[in-house]
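The values are calculated or read from the model by the stated rules, or taken from the named source; none is laboratory data. Source: prediction; values computed, not measured. A quick note on method: Cβ atoms are made from the backbone with ideal geometry, for glycine too, and the neighbour counts reach across all protein chains shown.
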Amino acid sequence: MLLALVLGGWAGMQVSQPTITKIATPESTFFTVSTGTVGSSITLPVQATWPSKALPPVGSSGVLTRMQIPKDGVVHQGDTPYSVDERPVAVFEGSVPMFRQLQEGDAGLDVMQLQAALRDVLGTELKTDGKFGATTTVAVKNWQHSLGIRVNGVVQRGDIAFVPSLPMQISLAKDAPRVGEEISIGQHLFIQLEDSPKFEIALSPDQLSLVPHSGPAYVKWLNKTWDGTIGALERAQDGVELTMVLVGANGSPLCGSDCHEAVPGEGAFFSAELVTVPEMTGPVVPTAAITTAPDGKTAVTFPDGSLQEVEVQASANGLSCVTGVNPGQTIVLFTVPPS
């Protein structure tokens with residue numbers, strides 16, 4: 001009887017024993033701080049064009065038989081950049097256009113310009129009195145002989161193109177005739193280029209918020225990189241499109257000494273890199289690991305749950321360069337709550 005009661009009690013204890021349930025705990029993912037570089041940039045097309053103005057039109061008609069613009073595009077006093085009917089046309093400095101044939105007995109400011117130019121080109125002591133006398137005739141004949149044209153002491157209207165100043169940079173005008181084509185009096189053959197081309201990025205209103213408005217800019221050409229900066233923002237004539245101007249350091253040409261080789265007279269397109277976040281090197285952590293501490297400061301969490309204040313130096317592409325932690329330290333990246 002007693003044995004039965006004991007067994008019965010034991011059986012009852014086995015049935016009534018509670019089930020032990022395992023309580024789920026949060027699981028954390030850790031990250032080891034490393035040394036790295038954080039930064040970002042955006043690449044956009046940039047157009048380079050030469051600001052220009054028209055030069056006086058040609059003063060002769062015939063077939064354009066020669067065109068010889070220097071590689072750097074710069075013409076000097078006495079240069080002959082083209083020929084019409086095999087007769088060279090010289091570029092001289094002067095404010096009065098070549099409007100007539102000049103010969104002995106003529107007088108005027110255009111004669112004075114001719115005398116000054118011949119004195120420079122020939123290296124003579126020709127008097128610049130504006131009177132075409134015997135000594136001027138001799139100088140003209142010497143000049144004609146140097147060009148290999150008929151020596152008669154008479155300067156034809158088409159022999160000279162007076163331009164405001166020399167030296168100057170030139171390029172072919174739009175729709176200018178080519179060698180072998182007819183050219184007529186009054187046609188524009190060349191344009192005067194400014195000292196350096198203008199680099200512009202066209203921006204829509206939507207793009208304006210995506211690009212920096214100041215800071216460095218790098219333009220690539222062949223195996224070179226031109227260092228520049230973001231200059232002014234200019235509104236286009238339509239009042240909608242915006243243009244970002246890139247300039248060289250300290251006002252120098254962005255393309256440096258490569259301008260004439262890299263940018264033809266009709267302009268060219270290049271690739272420009274605009275820095276949106278300047279590069280910083282140091283301890284790098286995932287941006288997602290950075291939290292706000294109770295005191296409002298930025299911090300990361302160590303595996304033991306303690307917080308470490310950090311200062312963000314740069315953030316880009318999900319990473320942040322910070323101070324306050326050292327490479328090799330382990331921090332909490334994120335914690336998965338229990339399910």
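Given ASP159, ASP175, which one is assigned by TED's automatic domain parsing to the domain that holds ALA116 and of a type in the set (D, E, K, R)? So the residue among ASP159, ASP175 that is assigned by TED's automatic domain parsing to the domain that holds ALA116 and of a type in the set (D, E, K, R) is ASP159. Of all residues in the range 247-275, those satisfying the criterion of being polar (S, T, N, Q) and in a helix (DSSP H, G or I) are ASN250, SER257.
Applying the condition of being surrounded by 15 or more Cβ atoms within 10 Å (Cβ to Cβ) and under 30 Å from ASP227 (Cβ atoms) to the range 288-319 and asking which residue is farthest from the chain's Cα centre (by Cα) yields VAL312. Just so you know, in the range 48-66 the residues that are of a type outside the set (A, V, I, L, M, F, W, C) and part of a strand (DSSP E or B) include one that is surrounded by the most Cβ atoms within 10 Å (Cβ to Cβ), and it is SER52.
Looking at SER41, is it among the hydroxyl-bearing types (Ser, Thr, Tyr), within 30 Å of THR229 (Cα to Cα), modelled with pLDDT of 90 or more and surrounded by 16 or more Cβ atoms within 10 Å (Cβ to Cβ)? Answer is yes for this residue. Scanning the range 306-320 for residues being out of contact with any strand residue (DSSP E or B) (no Cβ under 6 Å at 6 or more places or on another chain) and among the β-branched types (Val, Ile, Thr) gives a total of 0. When THR276 is tested against (1) more than 12 Å from the chain's Cα centre (by Cα); (2) surrounded by fewer than 18 Cβ atoms within 10 Å (Cβ to Cβ); (3) closer than 16 Å to GLU200 by Cα, exactly one condition is not met: (3). Just one of the listed residues (ASP175, ASP120) is under 43 Å from the mean Cα position of the chain (by Cα), assigned to a loop (DSSP other than H, G, I, E, B) and closer than 30 Å to GLY265 by Cα, and it is ASP175. The listed residues are VAL151, VAL111, VAL219, and the only one of them that is part of a loop (DSSP other than H, G, I, E, B) and β-branched (Val, Ile, Thr) turns out to be VAL151. From the list THR323, THR292, the lone residue that is farther than 30 Å from SER171 by Cβ, modelled with pLDDT under 95 and of a type in the set (Ser, Thr, Tyr) is THR292.
Of everything in the range 192-228 that is of a type in the set (Val, Ile, Thr) and crowded, with 19+ Cβ neighbours inside 10 Å, the residue that is nearest to PRO56 (Cα to Cα) is ILE201. Just one of the listed residues (ALA107, ALA117, ALA134) is buried (at least 17 other Cβ atoms within 10 Å of the Cβ) and either more than 30 Å from GLY231 (Cβ to Cβ) or outside the structural domain of LYS71 (by TED's automatic domain parsing) (or both), and it is ALA117.
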